[in-house]
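A.B. asks: Got a structure for you, questions after.
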Amino acid sequence: MATERNPLGLNDLPDCILTTILSKVPLKQAVCCSILSKRWKFIWTSLPKFKISSVDLSFSSCSCIVDGIFEHHSGSLQLFEFGIPLHNEISDKISEWIQRAALIDVRDIKIEGNTINFFEVPTSIFLCHSLRSLSLKSFCFRNMPNYFVGLAGLETLNFENVELNDNIIYLMLQLCPVLKILSIFYCRGLRRLRIFSDSLVTLNLCSQIKAITANCPTLANLLLMKKFGNVVEMAYYLPACLSLCTDAAQFRMFTTLKSLRKITLVNLIQKHDVPILSEFPNLEQLCIGNEAYSVPILSEFPNLDQMLGNDAYNALESLWSNGAMQESLWSNALIPESSASSLLKNLKRVHLNMTLFYDPTPLLTYLLPRAPAMKSLLVSREEGFKGIKALRLINRLLNLQQEFTQTKILFSQDTVKEGRCLCDLE
């Protein structure tokens, strides 16, 4: 006779699984679970991640709860994330909490400061010798502490909306020998960056920088944006660079990067820029019209050429809606000269976003004959590209498909839907 098995309850699970479950809920609720039973009383003290945000905690309760967590915590700490905007009282406690986190071998630190009144970076961060990742947002960082001898294991460094200077970045690279990812977004105080690193793999820059000197023999991914102002002056040695994400204004600086396999351009490519594509003999992926300003780390997005976004187009769409741009600008922008020697032998994938290219036929007429290995062409559209324009575009691309059968032309769902609706009306 078969005996019934009692189903397992939460209390029957090992501590490691209960800790994993608690790490998925807000910190305040995880601490509150200590009243459930004797078994649960101290489970929260071994949580591997502390994520503290204004959604979970108020200013009044934050200090008491965080103090209690560090007082009772056991084991190591993977992540200390603090997302409550700083004020004078909490800013005095941040350095103490980070120092406590350092004592339990914290690996990742992510702190968001105050976007109105910037506070100095807590100096206790530079005592966290177990640190692997550091992300700071809305802080002031003007001087390196004298006792800082380096972070031997730091692999990821992210500064966003931070007041910096050129010397800080230079010293950080010298004192962090295994740094692989460096991201600097919307930081102030930078003028002439000097980046020398034998370990850096990904470099993301989006700030007002006048000049950059980069010597990074292992760098594979480069993102360089400058929304306003003139082109960045750049002297570089990047022999292993495989992926470039930039805007059309900066594009012409990188014609010597012959190792590039992926190029992402986030705005309009001009007529005189199109033939430059043939100067990259290893080019496999081309993406034009994609949003990239919100992508913090390129290595986390290996299929960046297939991502869509809207933020980079807000200004252009605004100009279009106000009548400042005319369709003739786009339809006549790309008429390159024919050259039989300018072959893109390895180009396999192309992605065009129709917010910028209202008529991409001239560009495709140039690319398709010169890219015998091209397998797929993805055509996507954003809001603003509709009506009879979409139907005419589909017809033109279908004609190209008949001529270049080796390339599979793919339409986004919205583009196909727009075309079908218009066909039904006709």
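The values are calculated or read from the model by the stated rules, or taken from the named source; none is laboratory data. The structure presented is a predicted model; accordingly, all values stated were derived computationally and were not measured. Backbone-built Cβ (ideal geometry, glycine too); neighbour counts: all protein chains shown. Keep in mind that these areas ignore ligands, DNA and RNA; they rest on the heavy atoms of the full protein, side chains included. Shrake-Rupley method; radii C 1.70, N 1.55, O 1.52, S 1.80 Å.
A.B. asks: Could you please find all residues in segment 212-271 being among the charged types (D, E, K, R), modelled with pLDDT under 85 and out of contact with any strand residue (DSSP E or B) (no Cβ under 9 Å at 6 or more places or on another chain)?
C.D. replies: LYS271
A.B. asks: Which number in (1) open to solvent by less than 30 Å² (accessible area, probe 1.4 Å); (2) not in a helix (DSSP H, G or I) marks the one condition that ILE69 misses?
C.D. replies: Result: ILE69 passes all but (2).
A.B. asks: When residues of segment 118-146 are filtered for being farther than 22 Å from SER197 by Cα and of a type in the set (Ser, Thr, Tyr), how many remain?
C.D. replies: Going through segment 118-146 one residue at a time, the tally reaches 3.
A.B. asks: Being modelled with pLDDT under 65 and closer than 29 Å to LEU260 by Cα narrows it down to one residue among GLU403, GLU426, GLU382; which is it?
C.D. replies: Within the list GLU403, GLU426, GLU382, the selection yields GLU382.
A.B. asks: Can I ask one more? Considering only residues that are open to solvent by less than 40 Å² (accessible area, probe 1.4 Å), in contact with a Lys or Arg (Cβ under 8 Å, 6 or more places away or on another chain) and of a type outside the set (A, V, I, L, M), which ones fall in segment 190-235?
C.D. replies: SER199, THR202, CYS206, SER207
Matching residues to (1) free of Cβ contacts under 8 Å to residues at least 24 places away in the same chain; (2) open to solvent by less than 10 Å² (accessible area, probe 1.4 Å); (3) small (Gly, Ala, Ser):
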{"site": "PRO85", "(1), (2), (3)": "no, no, no"}
{"site": "ILE94", "(1), (2), (3)": "no, yes, no"}
{"site": "GLN99", "(1), (2), (3)": "no, no, no"}
{"site": "GLU120", "(1), (2), (3)": "yes, no, no"}
{"site": "SER124", "(1), (2), (3)": "no, yes, yes"}
{"site": "SER133", "(1), (2), (3)": "no, no, yes"}
{"site": "PHE141", "(1), (2), (3)": "no, yes, no"}
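A.B. asks: Same structure again: Whether any residue in segment 154-173 is of a type outside the set (S, T, N, Q), over 22 Å from ASN221 (Cα atoms) and surrounded by fewer than 18 Cβ atoms within 10 Å (Cβ to Cβ) is what I want to check.
C.D. replies: No: zero hits.
A.B. asks: From the list LEU131, LEU136, which residue is hydrophobic (A, V, I, L, M, F, W, C), part of a strand (DSSP E or B) and at negative phi?
C.D. replies: LEU136
A.B. asks: Just checking, which of LEU347, LEU356 is touching a helix residue (DSSP H, G or I) at 6+ places or on another chain (Cβ under 8 Å), of a type outside the set (S, T, N, Q) and at pLDDT 80 or above?
C.D. replies: It is LEU347.
A.B. asks: Check off (1) open to solvent by 10 Å² or more (accessible area, probe 1.4 Å); (2) closer than 19 Å to PHE126 by Cβ for ILE184 and give me the number that stays unchecked.
C.D. replies: The failed condition is (1).
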